[in-house]
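**Q** First, the structure itself, so that you have it in front of you.
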């Protein structure tokens, strides 16, 4: 591809040069080298602007926006996409306009504006169906499913991942096929439906474990493997897969880096290395705060709160668990919120505040019981059989029974 670009430049074929720069950038995106990709995208943008070429400028702005969204920098993504969108709107480029609006909705998700994002994704699904654009519909279904995971709406998310899977398969898009399977597994293991989760991950492995697999896909796949193992309290397996995710993600796939880091921290804290575990979880919280994504922040804070409680840091455990609880409550993510209240109850009891401890434990119990209505009896019963949930329920039962 580089040779063709050099030839186009030598012959002064500027339009091919501008498009070629974007195409080369996209190959670096696929390999996970985002810094190099950004360099080529910006070269295309610079050449397009100097030649007053609005179409190729818009294309460059759009791919820069997509790259920024992938790197969990939503403000930058919005800035880039907003510079591309007017050209597509005025010119009637419906497919590109949909892509731009889709990226803006994803940025909304990363900023915690879930309701607006869900409306945008559903509109994208309807419009893509009207236009017969299966590739856009595939991405929209995937994003709705991911949004529902953030809100603890796992049963609803699965149908969207299944639809995304069907569309990716019909399009022959292996990367999106692997992502749909991985994300479906993420919804399933959270409800304790381990057999189905493992089946999805087994199918995804043929794509995600290939040496030439996209780093974005492979790192998220190993995070799913790690967190499933952690939920079963299989600590060595969880740590090994989390480390694979870190190695593949580098500094590029931030969500994978954050989840893998606090997974390793949790494993260390419960495996006889509490100090090292604390450091890892603190690192994850710092990275999550840098991303500005409330979902990543709240998950990292909950892990840190649990590790601090394990270490006997009462004040730290209370502070971080209550901060995470607020975000989970706003998102309606009951399966995480009840755990945050439980950590707060443990910390309050350790601090000698038995009244607060009992109050927090009661809130945890109410939220846990409410999951049956939210998910249905079958999913709720699967969830109760998760080993980590059984461990936490035992702690909660002791509170409710008034045991010290």
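The values are calculated or read from the model by the stated rules, or taken from the named source; none is laboratory data. Because the structure is predicted, anything quoted here is derived from the model rather than measured. Here Cβ is always computed from backbone atoms with ideal geometry, including for glycine, and neighbour counts include all displayed protein chains.
**Q** Need a quick list: helices (runs of 4 or more DSSP H) entirely within segment 107-222 having at least 3 residues that are free of Cβ contacts under 8 Å to residues at least 12 places away in the same chain and either within 30 Å of residue 94 (Cβ to Cβ) or out of contact with any helix residue (DSSP H, G or I) (no Cβ under 7 Å at 6 or more places or on another chain) (or both). Steps first, answer last, please.
**A** Details: elements: 114-131, 134-150, 154-171, 174-190, 194-208.
So the answer is 114-131, 154-171, 194-208.
**Q** Among (1) surrounded by fewer than 18 Cβ atoms within 10 Å (Cβ to Cβ); (2) without any contact (Cβ under 8 Å) to a residue 60 or more places away in the chain; (3) under 16 Å from residue 309 (Cα atoms), where does residue 342 come up short?
**A** Evaluating residue 342 over (1) surrounded by fewer than 18 Cβ atoms within 10 Å (Cβ to Cβ); (2) without any contact (Cβ under 8 Å) to a residue 60 or more places away in the chain; (3) under 16 Å from residue 309 (Cα atoms) leaves (1) as the failure.
**Q** Continuing with the same structure: Determine whether segment 346-360 contains at least one residue that is within 20 Å of residue 284 (Cβ to Cβ), in a helix (DSSP H, G or I) and in contact with a helix residue (DSSP H, G or I) (Cβ under 6 Å, 6 or more places away or on another chain). Full working, then the answer.
**A** Going through segment 346-360, the residues within 20 Å of residue 284 (Cβ to Cβ) turn out to be 347.
Pick out the ones that are also in a helix (DSSP H, G or I) and you get 347.
The next check asks that each one be in contact with a helix residue (DSSP H, G or I) (Cβ under 6 Å, 6 or more places away or on another chain); those that pass are 347.
Checking segment 346-360: at least one residue is within 20 Å of residue 284 (Cβ to Cβ), in a helix (DSSP H, G or I) and in contact with a helix residue (DSSP H, G or I) (Cβ under 6 Å, 6 or more places away or on another chain).
**Q** State yes or no: is residue 329 crowded, with 19+ Cβ neighbours inside 10 Å and either farther than 30 Å from residue 272 by Cβ or at pLDDT 95 or above (or both)?
**A** On the way: crowded, with 19+ Cβ neighbours inside 10 Å: no; either farther than 30 Å from residue 272 by Cβ or at pLDDT 95 or above (or both): yes.
No, not satisfied.
**Q** Can you list the helices (runs of 4 or more DSSP H) found entirely within segment 1-57 that contain at least 2 residues being at pLDDT 80 or above? Show your work before the answer.
**A** Details: elements: 2-10, 14-31, 34-50.
By residue number, 14-31, 34-50.
**Q** I've got another one for you. Looking only at segment 245-257, decide whether some residue is at pLDDT 95 or above, in contact with a helix residue (DSSP H, G or I) (Cβ under 6 Å, 6 or more places away or on another chain) and under 24 Å from residue 382 (Cα atoms).
**A** no
**Q** Sticking with this structure for a sec: Filter segment 379-404 down to residues that are part of a helix (DSSP H, G or I), touching a residue at least 40 places away in the same chain (Cβ under 8 Å), more than 13 Å from residue 364 (Cα to Cα) and within 25 Å of the chain's Cα centre (by Cα), then give me how many there are.
**A** Summing the residues that are part of a helix (DSSP H, G or I), touching a residue at least 40 places away in the same chain (Cβ under 8 Å), more than 13 Å from residue 364 (Cα to Cα) and within 25 Å of the chain's Cα centre (by Cα) in segment 379-404 gives 6.
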